[in-house]
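The values are calculated or read from the model by the stated rules, or taken from the named source; none is laboratory data. All of these numbers come straight from a predicted model, not from anything done at the bench. So basically every Cβ, Gly included, is an ideal-geometry build from the backbone, and we count neighbours across all protein chains shown.
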Amino acid sequence: MKGRPRVAILGGAGNLGTVLAISLHRAGYTVATVLAKSRGASLRRAATVARQAGAQASSDPSVLGSASVVWFCVPDAAIAPAALALAKSIRWRGKVALHSSGALTSDELSILQKQGAAVASVHPLMTFVRGSRPPLVDVPFALEGDHKAVRAARAIVRDLKGHSFTIRKTQKEAYHTWGMFASPLLTALLAATERVAGAAGVSRKAARQRMLPILTQTLANYSRLGAPRAFSGSIARGDVATVEKHLKVLQKVSGAREVYVALARTALCDLPAKNRAALEKILRTK
């Protein structure tokens, strides 16, 4: 595939598809079309994204024929059905079909592979939520699939100024679980942290602002020093009496005590701590 391929985005009005379409356009790619699943609201949303990506929005699958790369940015459960629905819409031989599920393999596009397309899964290890458009610069992308499709995806990621690495099909579920720990479950921890702040008389909004300096420094320490050297606090010091006080307070905060105990036990498995035996005992019994 010589030069930069023309790329079509399927489901480009979603959080990831929006970022991807705009990032490709800014990187000098021609976004051939942003394909909506139907007319009406879906097409209007796609048109909004398409304008920002220098593209046209359409609900006609035949427009995919002008693209060399078709990128599926649809929910996981919709990838295989969408591929099946589009299998006969255009000539797939010589094209590259990509999807961006973190948990599913390139096998979701097997019907297109049978039609002659090279297929791969290309997943950015990044969080995409409404109201935020993170840049893809320095973002790692996990690649898995046909050699031709992986090679094409690697070139695209490089032009986006991201970083690519390959994984095996058997690693996809573990990879996605890793990502779950890195962002969604971290967000869940922060939400629980806000509830604990409430026990100290601090509102959620105030807690969010007051936690930012310690959160920022913790991430900076983790980045520069690694987890063991970034670990601090009562468990690291082996302060059993203080941990007992924490557990007592958390009896008044629904669900937070279980989170504390689970994370404290994890800390004792992975991180340096004094008085380990005593800490393990109170975490088992209280």
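Report, by residue number, each residue of the stretch 219-236 that is surrounded by 14 or more Cβ atoms within 10 Å (Cβ to Cβ) and of a type in the set (A, V, I, L, M, F, W, C).
Of everything in the stretch 219-236, those that are surrounded by 14 or more Cβ atoms within 10 Å (Cβ to Cβ) and of a type in the set (A, V, I, L, M, F, W, C) turn out to be Ala230, Phe231, Ile235, Ala236.
Are there helices (runs of 4 or more DSSP H) fully within the stretch 219-260 with at least 3 residues that are touching a helix residue (DSSP H, G or I) at 6+ places or on another chain (Cβ under 9 Å) and of a type in the set (Phe, Trp, Tyr)? List them.
none
If you go through the stretch 184-203, how many residues are over 25 Å from the mean Cα position of the chain (by Cα), surrounded by 11 or more Cβ atoms within 10 Å (Cβ to Cβ) and either without any contact (Cβ under 8 Å) to a residue 40 or more places away in the chain or over 25 Å from Lys248 (Cβ atoms) (or both)?
Initial filter on the stretch 184-203 (over 25 Å from the mean Cα position of the chain (by Cα)): 195-203.
Checking the rest, the ones that are also surrounded by 11 or more Cβ atoms within 10 Å (Cβ to Cβ) come to 195-199, 202-203.
Then drop every residue that is not either without any contact (Cβ under 8 Å) to a residue 40 or more places away in the chain or over 25 Å from Lys248 (Cβ atoms) (or both), which leaves 197, 202-203.
Number satisfying all stated conditions: 3.
List the helices (runs of 4 or more DSSP H) that sit entirely inside the stretch 59-169 and contain at least 2 residues that are surrounded by fewer than 22 Cβ atoms within 10 Å (Cβ to Cβ), of a type outside the set (A, V, I, L, M) and in contact (Cβ under 8 Å) with a residue 40 or more places away in the chain.
Filter on the stretch 59-169 gives 147-159.
With Thr242, Thr285 as the choices, which residue is over 20 Å from Leu190 (Cβ atoms), at pLDDT 95 or above and of a type in the set (Ser, Thr, Tyr)?
When all the criteria are applied, what remains is Thr242.
Which condition does Ala32 not pass, out of (1) under 20 Å from the mean Cα position of the chain (by Cα); (2) surrounded by 21 or more Cβ atoms within 10 Å (Cβ to Cβ), if it passes all the others?
Among (1) under 20 Å from the mean Cα position of the chain (by Cα); (2) surrounded by 21 or more Cβ atoms within 10 Å (Cβ to Cβ), Ala32 violates only (1).
Being in contact with a Pro (Cβ under 9 Å, 6 or more places away or on another chain) and small (Gly, Ala, Ser) is the filter here, so list the residues in the stretch 57-76 that pass it.
Of everything in the stretch 57-76, those that are in contact with a Pro (Cβ under 9 Å, 6 or more places away or on another chain) and small (Gly, Ala, Ser) turn out to be Ala67, Ser68.
Which one of Thr187, Thr193, Thr177 is over 16 Å from Val259 (Cβ atoms) and not charged (D, E, K, R)?
Thr177
Do any residues in the stretch 210-223 that are closer than 16 Å to Glu194 by Cα have Cβ atoms under 9 Å from those of residues that are at pLDDT 95 or above, where the two are at least six apart or on different chains, and which pairs are they?
Close Cβ pairs satisfying both conditions: Arg210/Ala197; Arg210/Val202; Met211/Leu190; Met211/Thr193; Met211/Glu194; Met211/Ala197; Leu215/Leu190.
Name, by its number, the condition in (1) within 15 Å of Ala153 (Cβ to Cβ); (2) touching a helix residue (DSSP H, G or I) at 6+ places or on another chain (Cβ under 9 Å); (3) modelled with pLDDT of 95 or more that does not hold for Leu84.
(1)
Kindly evaluate Leu160 against the criterion of being in contact with a Leu (Cβ under 7 Å, 6 or more places away or on another chain) and within 20 Å of Ser106 (Cβ to Cβ). Full working, then the answer.
Details: in contact with a Leu (Cβ under 7 Å, 6 or more places away or on another chain): yes; within 20 Å of Ser106 (Cβ to Cβ): yes.
Judged against the criteria, Leu160 is a match.
For the stretch 59-82, state whether one or more residues are out of contact with any Phe, Trp or Tyr (no Cβ under 8 Å at 6 or more places or on another chain), of a type in the set (S, T, N, Q) and within 20 Å of Leu136 (Cα to Cα).
The answer is no; no qualifying residue exists.
In the stretch 224-248, what residues are within 12 Å of Asn275 (Cα to Cα) and not charged (D, E, K, R)?
Across the stretch 224-248, the qualifying residues are Ser234, Ile235, Ala236, Gly238, Val240, Ala241, Val243.
Residues of the stretch 37-49 being modelled with pLDDT of 90 or more, under 20 Å from Pro75 (Cβ atoms) and among the small types (Gly, Ala, Ser), which ones?
Ala46
Condition first: in a loop (DSSP other than H, G, I, E, B), surrounded by fewer than 12 Cβ atoms within 10 Å (Cβ to Cβ) and either at pLDDT 95 or above or not polar (S, T, N, Q) (or both). Can you find one or more residues in the stretch 206-218 that meet it?
no
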